[in-house]
1. For Thr52, what accessible area in Å² do you get when you roll a 1.4 Å probe over the heavy atoms of the protein chains, rounding to the nearest 10?
2. Sort Val92, Val111 from largest to smallest accessible area, using a 1.4 Å probe on the heavy atoms of the protein chains.
3. Using a basic spin-label model with each label point 7 Å from the Cα along Cα→Cβ, how many nm lie between Gln44 and Ala23?
4. What spacing in nm lies between the two simple spin-label points modelled at Ala74 and Ser53, each 7 Å away from Cα in the Cβ direction?
5. Determine the relative contact order of the chain: mean sequence separation of Cα pairs under 8 Å and six or more apart, normalised by residue count, in whole percent.
6. Between Ser101 and Val2, what is the label-point separation in nm under the 7 Å Cα-to-beta-carbon projection?
7. Stretched out fully, how many nm does the piece from Ser115 to Ser30 gain, at 0.36 nm a residue minus the Cα gap?
8. Give a quick list of chymotrypsin sites (Phe, Trp or Tyr not before Pro) in the stretch 28-101 that DSSP marks as loop, anything other than H, G, I, E or B, with at most 15 other Cβ atoms within 10 Å.
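The values are calculated or read from the model by the stated rules, or taken from the named source; none is laboratory data. Fair warning: this is a prediction, and the values are worked out from it, not measured in the lab. Counting neighbours? That spans all protein chains shown, and the Cβs are built from the backbone with ideal geometry, glycine included. Keep in mind that these areas ignore ligands, DNA and RNA; they rest on the heavy atoms of the full protein, side chains included. Shrake-Rupley method; radii C 1.70, N 1.55, O 1.52, S 1.80 Å.
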Amino acid sequence: QVQFVESGGGLVQPGGSLRLSCAASGTMFSFHSMGWYRQAPGKQRELVARITSGGSTNYGDNVKGRFTISRGNAKNTVYLQMNSLKPDDTAVYSCNVWPPSNDYWGQGTQVTVSS
């Protein structure tokens, strides 16, 4: 059974940084594109960033230049480095394959940006 486990969220002040981690268990995802997604209260889930198996990356317009997605050496881990955080970045962040599969959504990790 596949499971994604996200961690690293928390409360941070505007301008601060967080690093999110995503670990996949059950199946190797080395050959899959992976994505970080977020859902703010009352809003639809959106793609934040994605990375291919070869390391190519794409970012949402509202996080370009501030967030960086990367894969761990084990390839079954994905990270999201978030800098210069803004209150609008407040959301539950989740990882999944790209394109996302409804079978793989985990609980996510809460990121709250507030002073």
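1. Roughly 40 Å² of Thr52 is accessible to a 1.4 Å probe.
2. Val92, Val111
3. 3.4 nm
4. 1.9 nm
5. Values: 278 pairs, mean separation 42.5, N = 115.
Relative contact order comes out at 37 percent.
6. Going by the 7 Å Cα→Cβ label model, 0.2 nm.
7. Once the chain is fully extended between Ser115 and Ser30, it gains 26.8 nm.
8. Answer by residue number: Phe31.
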